[in-house]
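Data first, discussion second: the structure below is written as structure tokens.
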């Protein structure tokens, strides 16, 4: 019996008489008894220093990360099963699980969040939109990481990895009273990450260009492009419509493909948000907006 720390170093081990010496421990990988290193097919991993001993063969995809670090220095959220890539974690029975979606859901686990992501992808793409999500899933040079979050947003976590946090029930109410589905919002966030990975200089230039209407030109680029097109194809907005700013009221919908608002759940969402966010929000403002505008 043994207990590992998050990066794989053995913290405690108990041996009984006549025990079987199992060499397959951390992540089910074989540990060399003499060196203490784990063999991951592509390279060796040192759990004591929490680094690989060889350069990541996929390091060009993660230029902002050290080619030697393990799982973007976040082994609680991610695992690296073979030393060649990072795949997304999802939770199942309090355990971390992994699944990589490439446009084909064959073999996908029976997990609600994984199912929501695939459902959103199918909905957007089959309706004729979701171009950025399609590219993210089918382009071998792109790796977009999605995990569940209270708020839908893309942010850089500790270690420098860019991750899309997505709430599969969170849509938004626009200034013109259109409802954008959670699926459309996922296209929005993934579009930013695809833009970053496919043409970083242009993405960075748009991100730095301040825009009084949309905060920056990258937001304008995504809102007027992939978001607007996908929302139209999903039947959520009329052709030619796009949001005139980067604002809106977050609302809870019935499912990832829905633009029907659950009014009671939306009001409760802001109470939860107010309790859990480290920064304050004017929850009464948003709750009053929902009460006034949602029938």
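The values are calculated or read from the model by the stated rules, or taken from the named source; none is laboratory data. Here the structure is a predicted model, which means the values were calculated and not measured. When we count neighbours, we look across all protein chains shown, and the Cβ atoms used for this are built from the backbone with ideal geometry, even at glycine.
Check whether at least one residue in the stretch 271-286 is buried (at least 20 other Cβ atoms within 10 Å of the Cβ), outside any loop (DSSP other than H, G, I, E, B) and within 23 Å of the chain's Cα centre (by Cα), and report yes or no. No: the stretch 271-286 contains no residue that is buried (at least 20 other Cβ atoms within 10 Å of the Cβ), outside any loop (DSSP other than H, G, I, E, B) and within 23 Å of the chain's Cα centre (by Cα).
When residue 246 is tested against (1) part of a helix (DSSP H, G or I); (2) in contact with a strand residue (DSSP E or B) (Cβ under 8 Å, 6 or more places away or on another chain), just one condition goes unmet, and that condition is (1).
Please verify whether residue 167 is surrounded by 20 or more Cβ atoms within 10 Å (Cβ to Cβ), free of Cβ contacts under 8 Å to residues at least 24 places away in the same chain and under 25 Å from residue 91 (Cβ atoms), treating the condition exactly as stated. Considered against the rule, which asks whether it is surrounded by 20 or more Cβ atoms within 10 Å (Cβ to Cβ), free of Cβ contacts under 8 Å to residues at least 24 places away in the same chain and under 25 Å from residue 91 (Cβ atoms), residue 167 comes out as yes. If you go through the stretch 254-287 and keep only what is touching a residue at least 12 places away in the same chain (Cβ under 8 Å), touching a helix residue (DSSP H, G or I) at 6+ places or on another chain (Cβ under 6 Å) and more than 15 Å from residue 180 (Cα to Cα), you end up with 267, 270, 283, 286, 287. Sub-7 Å Cβ pairs linking a first residue in the stretch 188-209 that is over 18 Å from residue 164 (Cα atoms) to a second residue that is modelled with pLDDT of 90 or more, at least 6 apart or interchain, are 206/216; 206/217; 206/218; 206/221; 209/216; 209/217, ordered by first then second residue. Considering only residues that are in contact with a helix residue (DSSP H, G or I) (Cβ under 7 Å, 6 or more places away or on another chain) and not in a loop (DSSP other than H, G, I, E, B), which ones fall in the stretch 208-220? Scanning the stretch 208-220 gives 211, 216, 217, 218.
Residue 223 - would you say it is assigned to a helix (DSSP H, G or I), over 23 Å from residue 148 (Cβ atoms) and modelled with pLDDT of 95 or more?
Yes: the conditions hold for residue 223.
Examine the stretch 212-229 for a residue that is loosely packed, with under 15 Cβ neighbours inside 10 Å and within 22 Å of residue 117 (Cβ to Cβ), and state whether such a residue exists. No, the stretch 212-229 contains no residue that is loosely packed, with under 15 Cβ neighbours inside 10 Å and within 22 Å of residue 117 (Cβ to Cβ). Does at least one position in the stretch 156-170 carry a residue that is modelled with pLDDT of 95 or more, part of a helix (DSSP H, G or I) and touching a strand residue (DSSP E or B) at 6+ places or on another chain (Cβ under 7 Å)? Looking through the stretch 156-170, none of the residues is modelled with pLDDT of 95 or more, part of a helix (DSSP H, G or I) and touching a strand residue (DSSP E or B) at 6+ places or on another chain (Cβ under 7 Å). Within the stretch 255-270, the residues that satisfy the criterion of being farther than 19 Å from residue 149 by Cβ and assigned to a loop (DSSP other than H, G, I, E, B) are 259, 260.
One line per residue, one yes/no per condition, for (1) at pLDDT below 85; (2) over 19 Å from residue 222 (Cα atoms); (3) in a helix (DSSP H, G or I):
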{"residue": "137", "(1), (2), (3)": "no, no, yes"}
{"residue": "151", "(1), (2), (3)": "no, no, no"}
{"residue": "177", "(1), (2), (3)": "no, yes, no"}
{"residue": "189", "(1), (2), (3)": "no, no, yes"}
